[in-house]
Every structure is written in C-alpha cells, then in structure tokens.
Amino acid sequence: MSVTIVDIAKKATVSVGTVSRVLNNNPTVGLKHKQRVMAAMAEMNFQPNRWARKIQKDSTKTGQIALLFINVEESRMHTSYMMQYIHGAQQEITGSGRKCLFLTWNETPGDDAIPNILLDGEIDGIIMRGYPRSEIGRQWMERYPRVSINPGGGSMIDCDCIMVDYQAGTRLRMEYLAARGHRRIAIVSPDETGYIQSKLIGYKQAGKDFGLDADDELIQAHNVPPESDFGWAIDNLWSLAKPPTAILSNDYSCGGIYKALVRRGLSIPGDVSIIGCDNSPNYCEALAPELTSLDICATDVGKAAVQRLFERMKNPEDTNRNILIQGRMVERESVRKL
C-alpha cells in the first residue's frame with residue numbers, strides 16, 4: 001500500500017494540513033515542523049501523485065536533467081575548470097534532445113529547505129558538483145539517478161563519480177620535468193587534504209620510478225586561500241641545502257609563488273621552473289612568463305558525467321563506478337631544460 005499524507009502526518013506527529021503546506025513550500029510552516037515532515041517523508045519514501053507520475057520506473061519522462069551545484073563557493077563558480085564542467089555537461093544533455101536546468105543550492109545552518117525541483121519531481125536525473133550537508137538533503141537527492149563530478153574527498157551520496165585523475169596527472173608533470181633534466185622537484189599546495197592527497201601519491205611514485213628527489217622536505221602543503229602569498233613555502237624550500245629546480249602547484253596558486261620567487265631575486269624559468277594544474281588559459285597566459293600547466297580536461301569530465309547518467313537511467317540497478325579522466329600537458333614558457 002502506498003504511503004499517504006495521513007501516514008506522514010502520523011509519523012511526524014503534525015496535522016495533515018501541515019504536511020500539505022510543507023509540500024507546497026508554504027512559508028508559514030515553522031522550521032521544527034518542517035524538519036519533522038521532511039524527515040518522515042524521506043524515511044517512508046513518500047511519493048505524492050506529482051512525483052509518482054514523474055519518477056517511478058514506468059512514468060513518462062520529463063526530458064529535463066538538473067546540473068546542480070551544491071554548497072560550492074561563489075569564487076569557485078567562475079573558475080575556468082568549473083565553466084568547462086558546465087559546458088561539457090550542457091553539450092551532452094542538449095545533444096541528446098533534453099533540457100539542461102542549471103541550479104545552485106547553498107544550504108544555511110539550521111535550514112533544511114530542499115530545492116523545489118527535487119520536491120516536484122520535474123527532472124529525470126542529476127549531475128551534481130558538491131553535496132548536501134544535511135541527512136534530509138541527501139535522502140532527497142538519492143531519490144533520483146545521479147552522478148557526481150569530481151568530488152574532492154569522495155561523494156557523501158551513494159552514486160557514480162567522474163573524477164580527474166590527479167594521481168596520473170601529477171606523474172605526467174613529473175615525467176615532463178624529468179625529461180628536461182630536473183631531478184629535485186617540490187610540490188606546493190594551499191590545501192593539506194582533498195585533491196592534494198591523490199597528487200602526492202602520483203608525486204611520490206613518480207619520484208621512485210624516475211629516480212627523482214621527492215622527499216618530504218620538498219612537500220609544502222598548508223591550508224590557505226589558493227591566491228595567497230606563498231612566501232612561507234618559498235622560504236622553507238630555499239632554506240634547504242639544495243633548493244628545488246622546479247615546483248608543481250595549481251594555476252591559482254602560481255601567481256603567489258611567482259611573486260614570492262621574484263622577491264627573492266629568482267627568475268622563472270631561469271632559476272626555477274614552474275608547472276601549474278587545471279590549465280585555466282586566461283590565468284596561465286596572464287602570468288609572465290606564461291604558465292605551463294596540466295589540462296585536467298574538465299569538458300570531458302562534464303560529458304562523461306552525463307553519459308554515465310544516461311547509462312544509470314537505463315540500468316538503475318547497475319553497480320556504481322568511479323571513472324577517471326586523464327589530463328594532458330599544455331606547454332608555455334615557465335619550464336626550461338637543464
């Protein structure tokens with residue numbers, strides 16, 4: 001027997017009218033009552049008629065896919081790689097004859113509001129970047145076929161994930177430098193967690209495979225904004241008996257690294273070579289010298305996410321997969337041969 005709003009009202013210990021007002025996003029419902037209703041609906045897998053028409057297996061499809069960015073910082077929404085994720089996903093969605101709905105969802109503490117598009121069942125699936133912090137939010141997301149784009153520390157929602165292969169990309173950068181005679185290579189990061197962990201695996205393995213110096217003293221990772229002044233990292237590296245001949249970092253950190261090196265009277269690439277990661281053309285080409293960088297092929301990530309979503313929609317019981325997208329080197333002017 002299907003669950004009704006009467007069942008939800010009993011479970012949440014509220015009136016049927018309160019459940020109805022929650023379903024219609026009526027702002028007069030108090031937060032505590034709304035939270036109880038939403039929790040009961042998620043726990044009992046409640047599907048009102050408008051959802052049942054839209055998302056049950058034999059229903060008519062809406063022809064709409066949500067490209068949903070959840071709790072993503074405003075500054076990151078305008079980065080080159082984020083625009084490439086969006087472009088790749090949009091291309092693949094519209095190319096299939098479907099409509100792409102671009103949405104952002106920024107949760108605030110104590111507010112369990114769920115986007116109407118999830119409540120109304122007006123989509124066939126979700127491509128998501130980021131994830132809800134609340135358990136209720138995650139439960140609502142899990143009602144739909146979904147694929148996550150490049151979750152930094154792994155997705156908090158059970159789903160397929162399309163990820164940049166940062167481990168292989170860092171190895172590729174190390175191999176590129178080794179071929180140009182570099183043996184002592186540092187890595188500088190504005191983060192001690194997230195993607196840097198995958199990069200460090202590639203960094204250390206490449207050090208062993210290519211006979212490079214990849215010692216712990218050459219790893220400078222600290223939780224700071226990516227556009228920070230990296231004087232602390234450069235001071236640490238140039239206090240060593242043998243400073244590095246090359247540095248790996250991400251594009252947005254390289255501006256600060258350039259400045260810190262120039263303050264020390266060091267030239268790029270004369271004294272030290274630099275390689276970025278992400279290949280944000282407007283940023284890389286604005287630096288002097290222009291920055292050689294690893295292109296993470298973010299457009300391909302967006303396309304692959306949509307392709308996997310369509311497979312998931314056809315085969316909802318298929319095992320979740322983590323799919324890695326390989327990057328490529330883009331040469332500019334910041335590396336020299338030794």
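The values are calculated or read from the model by the stated rules, or taken from the named source; none is laboratory data. Note that the structure is a prediction, hence the values are computed from the model and not measured. Cβ atoms come from the backbone with ideal geometry, glycine included; neighbour counts cover every protein chain shown.
Take ALA246 and decide whether it is closer than 27 Å to LEU218 by Cα, buried (at least 21 other Cβ atoms within 10 Å of the Cβ) and of a type outside the set (Ser, Thr, Tyr). The answer is yes for ALA246.
Condition first: under 27 Å from ARG183 (Cβ atoms), among the β-branched types (Val, Ile, Thr), within 25 Å of the chain's Cα centre (by Cα) and part of a loop (DSSP other than H, G, I, E, B). Can you find one or more residues in the range 294-301 that meet it? So far as the range 294-301 goes, yes, one or more of its residues are under 27 Å from ARG183 (Cβ atoms), among the β-branched types (Val, Ile, Thr), within 25 Å of the chain's Cα centre (by Cα) and part of a loop (DSSP other than H, G, I, E, B).
Condition first: in contact with a helix residue (DSSP H, G or I) (Cβ under 9 Å, 6 or more places away or on another chain) and among the aliphatic types (A, V, I, L, M). Now tell me which residues in the range 237-273 satisfy that. The answer is LEU237, LEU240, ALA246, ILE247, LEU248, ILE257, ALA260, LEU261, LEU266, ILE268, VAL272. Whenever a residue of the range 6-22 is without any contact (Cβ under 8 Å) to a residue 60 or more places away in the chain, its partners that are part of a loop (DSSP other than H, G, I, E, B) and crowded, with 16+ Cβ neighbours inside 10 Å, lying with C-beta atoms within less than 6 angstrom and at least six residues away or across chains, give the pairs ILE8/PHE46; ARG21/VAL29; VAL22/VAL29.
Which members of the range 168-181 meet the condition of being of a type outside the set (A, V, I, L, M, F, W, C) and surrounded by fewer than 24 Cβ atoms within 10 Å (Cβ to Cβ)? Across the range 168-181, the qualifying residues are ARG171, GLU175, TYR176, ARG180, GLY181. Restricted to the range 73-165, the set of helices (runs of 4 or more DSSP H) holding at least 3 residues that are crowded, with 22+ Cβ neighbours inside 10 Å comprises 80-95. All conditions in (1) surrounded by fewer than 18 Cβ atoms within 10 Å (Cβ to Cβ); (2) more than 27 Å from THR299 (Cα to Cα); (3) among the β-branched types (Val, Ile, Thr); (4) touching a residue at least 24 places away in the same chain (Cβ under 8 Å) hold for THR193, with the sole exception of (2).
Every listed requirement among (1) touching a helix residue (DSSP H, G or I) at 6+ places or on another chain (Cβ under 9 Å); (2) not in a strand (DSSP E or B) is met by ILE185 save one, (2). Taking the range 4-45 as the range and being modelled with pLDDT under 75, over 30 Å from the mean Cα position of the chain (by Cα) and assigned to a loop (DSSP other than H, G, I, E, B) as the test, the residues that pass are THR4, ASN24, ASN26, PRO27. Please pick out the residue among ALA241, ALA206 that is crowded, with 16+ Cβ neighbours inside 10 Å and free of Cβ contacts under 8 Å to residues at least 60 places away in the same chain. ALA206 is the lone residue from the list that is crowded, with 16+ Cβ neighbours inside 10 Å and free of Cβ contacts under 8 Å to residues at least 60 places away in the same chain.
Residue pairs whose Cβ atoms lie under 6 Å apart, separated by 6 or more positions or on different chains, with the first residue in the range 320-335 and on the phi < 0 side of the Ramachandran plot and outside the structural domain of CYS284 (by TED's automatic domain parsing) and the second among the aliphatic types (A, V, I, L, M) and in a loop (DSSP other than H, G, I, E, B), are GLY327/ILE296; ARG332/LEU291; SER334/ILE268; SER334/LEU291.
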